Amino acid sequence: QVQLVESGGGLVQAGGSLGLTCAASGRTLYAMGWFRQAPGKERDFVAAISREGTKYYRDSVKGRFSISRNNALNTMFLQMNSLKPEDTAVYYCTADGGPISAVVDGTPSSWGQGIQVTVSS
């Protein structure tokens, strides 16, 4: 059983920055990532990272968001810069013991509870 706990969300003005952290406990995780869900919309992929450090991003966050992880601490980070109002959403940490495709495709085995990120205009 894997437990994922997000932290670091909050309210920020457009153009500002926020950092999210996901702390994982349980078995070894190979793929980790972030999804987000805005009100009234579907949950969308944001970014993913393999244990070796291969990274994937949705097009709309490339150049603004940066995903990283610390394998020794079983922790993942999402640094979000140049935030826009359309980045407002609940952000979910995800993880899977298999290939990164499980996260990118939206079928990871574990999900966090989610954390709110609000960007004001």
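Considering the Cα positions of the range 1-70, please state its Rg to one decimal place and its Dmax as a whole number of Å.
13.1, 38
By how many nm would the segment from Thr75 to Trp111 lengthen if fully extended, with 0.36 nm per residue of separation less the alpha-carbon distance? Please list the in-between numbers first.
Numbers: separation 36, 0.36 × 36 = 12.96 nm, distance 1.39 nm.
Separation in residues times 0.36 nm, less the Cα-Cα distance, equals 11.6 nm.
Considering Cα pairs under 8 angstrom that are at least six residues apart, work out the relative contact order of the chain and quote it in whole percent. Before the final figure, lay out the partial values.
Details: 306 pairs, mean separation 43.3, N = 121.
Value for the chain: 36 percent.
222 nm [θ] for the chain, helices only, -39500 (n - 2.57) per DSSP H run of 4+, per residue, to 500?
Details: 1 runs with 4 residues, N = 121.
After summing the helix terms and dividing by the residues of the chain, the value is -500 deg cm²/dmol.
Report in % the part of the accessible area of the chain that belongs to carbon and sulfur, leaving out ligands and nucleic acids; probe 1.4 Å. Kindly include the intermediate steps, with their values, before the conclusion.
Numbers: 2820 of 5970 Å².
Carbon and sulfur atoms account for 47 percent of the accessible area of the chain.
List the trypsin sites (Lys or Arg not before Pro) in the range 1-49 that DSSP assigns to loop (not H, G, I, E or B) and whose Cβ has at most 10 other Cβ atoms within 10 Å. Which are they?
Values: sites: Arg27, Arg36, Lys41, Arg43; in loops: Arg27, Lys41.
Counting only loop positions with at most 10 other Cβ atoms within 10 Å, the trypsin sites (Lys or Arg not before Pro) in the range 1-49 are Lys41.
Identify which of Ala95, Ala23, Ala47 has the largest mean-square fluctuation in a Gaussian network model of the chain, with springs joining Cα atoms closer than 10 Å.
Ala23
Among Pro108, Pro39, Pro85, which one shows the highest mean-square fluctuation when the chain is modelled as a Gaussian network with alpha-carbon springs under 10 Å?
Judging by the Gaussian network model, the answer is Pro39.
Give me the one-decimal nm value for the distance between modelled label points at Gln37 and Ala14, 7 Å along each residue's Cα-to-Cβ direction.
Placing both labels 7 Å beyond Cα along the Cβ direction yields 2.6 nm.
Residues of the range 1-102: accessible area per residue at 1.4 Å, in Å²? Please list the in-between numbers first.
Working: 4960 Å² over 102 residues.
Accessible surface, normalised per residue, equals 49 Å².
The values are calculated or read from the model by the stated rules, or taken from the named source; none is laboratory data. Please read these numbers as outputs of a predicted model, since none were measured by experiment. Cβ: placed from backbone, ideal geometry, glycine included. Neighbour counts: every protein chain shown. Accessible surface areas use protein heavy atoms only, side chains included; no ligands, DNA or RNA. Shrake-Rupley method; radii C 1.70, N 1.55, O 1.52, S 1.80 Å.
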